[in-house]
Structure formats: C-alpha cells, structure tokens
1. In the stretch B:1-54, which residues are of a type outside the set (A, V, I, L, M, F, W, C), under 60 Å from the mean Cα position of the chain (by Cα) and more than 20 Å from B:R118 (Cβ to Cβ)?
2. Residues in the stretch B:434-441: is at least one charged (D, E, K, R) and more than 30 Å from B:I387 (Cα to Cα)?
3. So, B:Y108, is that one modelled with pLDDT under 90 and in the same structural domain as B:G36 (by TED's automatic domain parsing) or not?
4. When you check A:Q96 against the structure, is it of a type outside the set (G, A, S) and facing another protein chain (nearest Cβ under 10 Å), yes or no?
5. What's the total number of residues in the stretch B:274-300 that are part of a loop (DSSP other than H, G, I, E, B) and within 11 Å of chain A (Cβ to nearest Cβ)?
6. If you take the residues in the stretch A:34-57 that are crowded, with 19+ Cβ neighbours inside 10 Å and more than 19 Å from A:L6 (Cβ to Cβ), which one is nearest to the other protein chains (Cβ to nearest Cβ)?
7. Go through the residues of the stretch B:206-223 one by one and say whether even a single one is under 23 Å from B:I324 (Cα atoms), among the aromatic types (F, W, Y), under 12 Å from the mean Cα position of the chain (by Cα) and in the same structural domain as B:S321 (by TED's automatic domain parsing).
Amino acid sequence: MTVETLVSADGKELTIKVFGRFDFSVHQAFRDAYDAHQPAALRYVLDLAGTSYLDSSALGMLLLLRDHAGGDAADISIVNCNQDVKKILTISNFEQLFTIR
Amino acid sequence: MLPIRILIADDNLVDRKILGRILQKQGHEVLDAENGADAVALFKQESPDIVLLDVMMPVMDGKEAARQIKQLAGEDMVPVIFLTSMTDAYGLADCLESGGDDFLNKPYNPVVLQAKVRSFYRMREMHQTLQQQRDTIVCHNEHLIQEQEAAKAVFDNVAHLGCLSAPNIRYLISPLAVFNGDVLLAARQPNGSMNLLLGDFTGHGLPAAIGALPLAEIFYGMTAKGFGIRDIIREVNRKMNSILPVGFFCCAVMVEMNFERKSTSIWMGGIPDCYLYRVADASLHTLRSQHLPLGVFGDSRFVDSLQEYTMEPGDRLLLWSDGILEARNPAGDMFGQQRLEDAINSAAAAEMIFPTIKSTLAEFQNNSERDDDITLLEIQMVLPDDIAVDPKAVATTSDVGPMDWSFSYELGPVSLRNFNPLPLVMHLMMEVPGLRMMSGQLYTVMGELFANALEHGVLKLDSTMKRSPEGFMKYYQQRQEHLEQLEDEWIRIDMEHQGDGVTGQLRVRFVDSGDGFDYQSLQREEDSDLLEVTKHQYSGRGISLVSQICKSITYYGKGNEVEAIIHWPHQEEE
C-alpha cells in the first residue's frame, strides 16, 4: 500500500501516510483515502515520513484535499517531511496554506 | 458459440478422416487438404482459425506450409499445430522452430485434442482483442496529437506576438509534450519598459494549454495598454483562479524592466530560486519565491507585492522553471541547484553564463529521457538606446481599426485621487494601428498634458518649485496633500480621431476646473527650461517636448484648456 490512513479514537482526525514517490500514480489512492472517511474529518494530518519525493501533481492533490477539507477553513498539518519534500513545499510557499511541522 | 474453423492437412486419408470426424463431433467445422501446397491454397481462400499439419507430406511438407501460412497470416495469430508420430525431441523442437505453435501425437487422444483446440482458440481471441485495443489506442493517440497541435497553433498565434527576439533576451524552451507546460512571454509597454513572464503549468498538453491561452491574452493586452506587472499579475491570478480546476495552478515569475530608471520589479510564486548576476563584482544574488503559484488564491487573498532591484547595464536575471533542476542524467540523478550554480560560477565571462548553463545541462542529460519541460531565460539590463522599441514588438491586435470616433471622459475628485486614467485612454488610441506605431510618443504627450491639468490646473502647484532638489520633494508632498483635499474639481479629456487607414489625425483636448494661467509666459519659460535641461534635471520635460511630437499645441480660454493635434504616420522633426 502506498497510501495508508489512520483515524483518531474520537473519529475527528484523519491521518494520511504516503509512501515512496508522491506523484500522479497515487492520485486515486490519495483521493480515496479522504473520500472514504465518513463523516468527513475535522482535522487532517498528512504524514510524509515515508515520502521520498513530491512533484507538482502532488501539490495539486494537496490543494484538492484542502478544498475537500473546507478550503480556507481547512485544518491540515503536514508532518515529518524530509529535506527534499520540505524544499518543494517551501518553494511553492505552501506554508501559507498548510501547517508544516 | 460459432464453430471453430479448423484446417487439417495430412496425406494419409485414414488419419485425416479420423481426425476430422473427432473434431466435427466436438462441434468444429473442418476443412481438409492432402498436402502442404493444398493447405496453403485453402488457407488463403478460407482463412481458418486453427491449422493442423502433418509433418511429412508430398509436394510441400508441413514445415514449409507452416512458414508460408504464418507469413500469410501476418499480424493475425493463426495457431499451427503439427501432427506427428515422432518422439525424437530434436525433431519435435525443429517443428516449433519452423513456426509451429505446438504438436499433437498420433494416435489422437480426443480429450487432449479438444483441450488444445480450445486453448489455442482462446489465445487467438485474446490476440484479436489486443489488436483491436491497440488499434483503438493508436487511433485515440493520433486524435489527441492532432488536438494538441491545433491547441499549439492557437497558442502560438496568441503567444508569439512578443519581443523574445529582443537583443537583451536569451532563452531556451524544450517541449516535453506537443504542447509545452511552460510559457514564456515578453512585450514592451508603450513607455518602453519590458514585461516578461515565465510560467510553468501543472501538467502538460491540453490542461496546460487551457490556462496558457488566457494568460497570454491578458499579458499582451494589458502590457500594450501600459499596465505594470502588479496589475497584470493580479488580473492573471484572478483569471487562473476562476478557470482552472482545484489542484491545477501555474508557477510563475514575472519581471518588469525599466531601462530608463535601470530598475526591475519581480513577482515570483512557486518558482525555484533564481539569480540576479551583477557584472561589477561577478556576484550572484538569490531571488526567492515569496508567493503561492498563480490560481491558488482568489483575488481577496492574493498578494501582489514585488521585489525591487536596481540593475546596471550588463547585469542579468537568470530565470527558470523547476524542469532544469529536475533534469536527469542516464543514471537518474537530478541536475539540481548546486550543479546549476557551479555552471554559472564556472563561466569565463558574463556573456558566457547562458551558453555555459546550456552546454553543462546538455552534457549532464546526455540524451536521457526528459521528465519535465526545461525553460531557461536570461534578461540583461541595457541602455535605453540599445533597445529602441520595434513597432512590431509592441503587442498588436488587428487591421485598419477604428478611424472615425470621438470620446469624452470626465474625472471627478474621487477619481482624480485614486485612479490613473492614462492606461484606459491609451487603450482607446492603441486600437488605431497608426497610433500604435507611435505609442511611446503618445504616452509622453498624454502623460505631460494630464500631469499639467492635474498638478497645475486642479492642484494649483507651482512648477517653479521643482527647480531645486528640496523644492522637488516639497512639490510632491504638496501634491499629495492637495489631492486629499479635492472637493468638486474635475478634468475632462476629449479625444477625436479621423483617418483613412493610411494617414490620420488625433485631436486631444484637456479641460480642467482650475483657474488657468498665463500660457504665453509659461511657454517662454519652458523654452528656457529646455535649454537648461542638463543643469536642472528635475523638470524640463514640459510643453516644449510635447510640441515636438504634436503637429500643434494650442491653449484656449483662460489657460485651463489645451488642445494637441497629432498626425500619423509620425514625421520626425529635426
């Protein structure tokens, strides 16, 4: 599995983990990860500890998740990024949209 | 289910009939031949599904028949099974070598026979399905490429109006898809400034084309009307945000170069670090993206703040999309920021930076597959005279344009305080091709006359203040104060154009609510100003400059009305 999900005990927080290259090939799996969770979570944590690389289509997928999670009101944290992934997020100034820890 | 059509070739009549009978009983349709040559002839005529061949036959043996049948079948899969009583492994292997797919041992076991026929028929069907799917994909692909070519042709028509061929620009675009995901645009504003945009859309092909078209339209349209990049980037973002689906965006760097002021303004969103190279000390200054890519935020949250730099002639901006950093060598390593910086530092001279990056990159890639589009742009600061405006490079629209029209535009106090009417007014004039050719001069005329109407007419500022550096400062302080105090003042701009498509005349009249002035004495004063222009650089671009461009310039009434008449095509007057 390249995408795994974990729901908090109270069901309000959804953690999504992506393994390997985060690119167009995980598009469907990533979408299913948050679409399948009903009722929709209040908080999202994207754990990229296992992500080696992230490309621009993955940035697009992050924006889709943000839209799904309520757009400007979305509460999404991106955690455990490696150096390369962090750099790509920084270049794109995505810290303006997501909490990056 | 349709019966499977099976061709049997065996010179032994009894064997042939026994085999035929078994197959018919199992529901198949049987065609029979006495030797290889008959089998080939019958194959041509009947196109059976499966062929069963005895190895030893007169006239033509089974192996030769198999070869010819396989050749006739071409891309279609026709299973050929040899009938043999041989048990010699080499003999059997030889049968398969000559093109056979399998063999059946005599005497025939009906169960094995049935299983093999069914198995090979399934394979044949699967092969046919694959062929159909392949043909469908080929057809779709051709269609897609055709569509992309059409989209590219449309895009090229929109995008190639620009001035990428200007002497201070060098660039490299290598398309990954037919339609490149990268966009490179450049055009001159009427005042001579140069606007450039390097954009990288998520994806390639049609999704990128959909965004690139309005982007280019807005860029060229607004640049021709004299808008700076702050207004343009906001408008482009608004458009991208409204048309692109969530998850699609455009990383971009936009540059405005002012050659007169030797300054440059930069907006960067989602673009990797780029550089400003200063020729004086051969230093590299990093330019970093401060914004999200275009299309992510709506207008209310979009930030249009710019980075401002002064640049000396020879200084250059080195800009790229992420494609260059992600370019891979045959081993799969990425080119990366460090190699790029090393390449720049290894260049023997400023002139050599761009070719060095290009050759280092080509050597690194060594013909390996490309992951992403590579776009590389170098813009050099030059002296204004080295980059005279080529009329063709200013973005153009179409043919004869409006010839007989008039326009009146009156601005009240709120508009005068907050709004610059010149881009709109210039836009009206730029619709006339003959006027577009002299847009720089027109901008000067309109700018001067508007400034006079506003500053001297409406705001009642004294132009003599501008003669000393201290007065110059004070003048602009007062200008701001007076603007804030406006109550019922106004300026009216009347324009009237007549022309035949070859020549034409534009009449522009500025009327303001001010008290007017003794214009005869001002004209004398301005004449003397012009003579001293080298001493007093703070003023002097006045009426005298305007009257060099215009056929005539006349004041009316108490001096609160001025009329300029401009003829085109413009004749330079010595």
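The values are calculated or read from the model by the stated rules, or taken from the named source; none is laboratory data. Predicted model only: the values in this text are computed from it and were never measured. Backbone-built Cβ (ideal geometry, glycine too); neighbour counts: all protein chains shown.
1. Keep residues of the stretch B:1-54 that are of a type outside the set (A, V, I, L, M, F, W, C), which gives B:3, B:5, B:10-12, B:15-17, B:20-21, B:24-29, B:32, B:34-36, B:38, B:44-49, B:54.
Subsequent filtering for residues that are under 60 Å from the mean Cα position of the chain (by Cα) retains B:3, B:5, B:44-49.
Residues satisfying the conditions are B:K44, B:Q45, B:E46.
2. Our first condition is that a residue be charged (D, E, K, R); within the stretch B:434-441, this holds for B:436.
Those still in the list that are more than 30 Å from B:I387 (Cα to Cα) too: none.
No - not one qualifying residue is present in the stretch B:434-441.
3. Numbers: modelled with pLDDT under 90: yes; in the same structural domain as B:G36 (by TED's automatic domain parsing): yes.
Spelling it out, B:Y108 is indeed modelled with pLDDT under 90 and in the same structural domain as B:G36 (by TED's automatic domain parsing).
4. Details: of a type outside the set (G, A, S): yes; facing another protein chain (nearest Cβ under 10 Å): yes.
Judged against the criteria, A:Q96 is a match.
5. First, the residues of the stretch B:274-300 that are part of a loop (DSSP other than H, G, I, E, B): B:279-282, B:288-290, B:292-293, B:295-300.
Now drop any that are not within 11 Å of chain A (Cβ to nearest Cβ), which leaves B:288-290, B:292-293, B:295-298, B:300.
Residues flagged as part of a loop (DSSP other than H, G, I, E, B) and within 11 Å of chain A (Cβ to nearest Cβ) within the stretch B:274-300 amount to 10.
6. Restricting to residues being crowded, with 19+ Cβ neighbours inside 10 Å and more than 19 Å from A:L6 (Cβ to Cβ), the top hit is A:S56.
7. Scanning the stretch B:206-223, I find no residue that is under 23 Å from B:I324 (Cα atoms), among the aromatic types (F, W, Y), under 12 Å from the mean Cα position of the chain (by Cα) and in the same structural domain as B:S321 (by TED's automatic domain parsing), so the answer is no.
Yes/no matrix, rows are residues, columns are (1) farther than 24 Å from B:S544 by Cβ; (2) touching a strand residue (DSSP E or B) at 6+ places or on another chain (Cβ under 8 Å); (3) at pLDDT 90 or above:
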residue	(1), (2), (3)
B:D386	yes, no, no
B:P413	yes, no, yes
B:M437	no, yes, no
B:Y443	no, no, no
B:N452	no, yes, no
